[in-house]
Amino acid sequence: MTFLPRNQILSLEEIYTLAQTFVELGVKKIRITGGEPLIRKGVLELLKQIGALKGLSELVLTTNGSQLVTAAPILKAANVKRLNISLDTLDATKFKELTRTGDLQNVLNGIQAAKKVGFERIKLNAVILKNRNHAEVGNLVQFAIDNGIDISFIEEMPLGIVEKHNRAEAYYSSDEIRDDLEQRFTLVQSSDSTGGPSDYFSIPNTQTRVGFISPHSHNFCSTCNRVRLTVEGRLLLCLGNEHSIDLKEILRSPNFSSENIKQAIIDSMEIKPEKHEFNVKEQPIILRYMNMTGG
């Protein structure tokens, strides 16, 4: 993996300025994601500063779980309300293969550490591919039930060119996952909504919600209220399109002002696309990978 030169990425101070600006414009929830955000030096102090912003209702972190054993109590103290933890498999050998260097037990220990400090909610995120991990969906849900946490299953987004699998052959839809789960669990449609892409179901007599994020089979664009700020300072109006504006350029302009950056963000909403156009049978039109997107 090649890292960008430091001058090409937003400083922690610039990230905080933009977080503050969004909150002043009325944004109530901020999610920090990656790559793995917890490996960046100084990020815990940044989270503490963002979590203290007046007007912010919820600070959420998406993580691979590798740092949680030590970071969980610090994150809770920083006012992080919820955690999303990536976990595609419970098989240690497969986990190491998929993550290249990951230690499953370390992540499982991190989940227990997070449970111990008492976040409002903890959710697992699992990207499901046919013949890779689709047979594990029931065991992943049972793990979530046993631990009193939530889980969302995600259809792979066709971002970047992959060589290890054929996307069309590996595609496993949310409907197929749900059919598999209903052989083992009772899923009840939930009215819960985060304003995001997840369609939630509850499981009677458990604390667990099961979510489905379905960019292919059930396009959710009509209800999407989200934008993403990349570490390079680009404000993406949709993950499945390249519509964006360069906030870093405005931040570093000699004429920078809070009014200028606010107006740029307001104006950007005019180019938020109506929908994405994903097709697993074609080469991706978006060449950036999710781990390059961050935000």
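Quick check, is residue 29 under 30 Å from residue 141 (Cβ atoms) and within 16 Å of the chain's Cα centre (by Cα)? Against the criterion (under 30 Å from residue 141 (Cβ atoms) and within 16 Å of the chain's Cα centre (by Cα)), residue 29 qualifies. Hey, any hits in region 81-102 for a residue that's crowded, with 19+ Cβ neighbours inside 10 Å and hydroxyl-bearing (Ser, Thr, Tyr)? So far as region 81-102 goes, yes, one or more of its residues are crowded, with 19+ Cβ neighbours inside 10 Å and hydroxyl-bearing (Ser, Thr, Tyr). Within region 1-47, being assigned to a loop (DSSP other than H, G, I, E, B), of a type in the set (Lys, Arg) and within 18 Å of residue 235 (Cβ to Cβ) holds for one residue alone: 28.
When the criteria are applied in full, residue 240 meets the requirement of being modelled with pLDDT under 90 and buried (at least 16 other Cβ atoms within 10 Å of the Cβ). Pairs are defined by a Cβ separation below 6 Å, a sequence spacing of at least 6 or placement on different chains, a first member in region 110-125 that is touching a residue at least 40 places away in the same chain (Cβ under 8 Å) and within 21 Å of residue 139 (Cα to Cα), and a second member that is acidic (Asp, Glu) and part of a strand (DSSP E or B); the pairs so defined are 123/150. With respect to the conditions (1) more than 20 Å from residue 177 (Cα to Cα); (2) touching a Ser or Thr at 6+ places or on another chain (Cβ under 8 Å); (3) part of a loop (DSSP other than H, G, I, E, B); (4) at pLDDT 85 or above, residue 204 lacks only one, and its number is (1).
The one condition from (1) at pLDDT 90 or above; (2) within 28 Å of residue 120 (Cα to Cα) that residue 176 does not meet is (2).
The values are calculated or read from the model by the stated rules, or taken from the named source; none is laboratory data. Everything quoted here is computed from the prediction, not taken from an experiment. With ideal geometry, Cβ positions are generated from the backbone for all residues, glycine too; neighbour counts draw on all protein chains shown.
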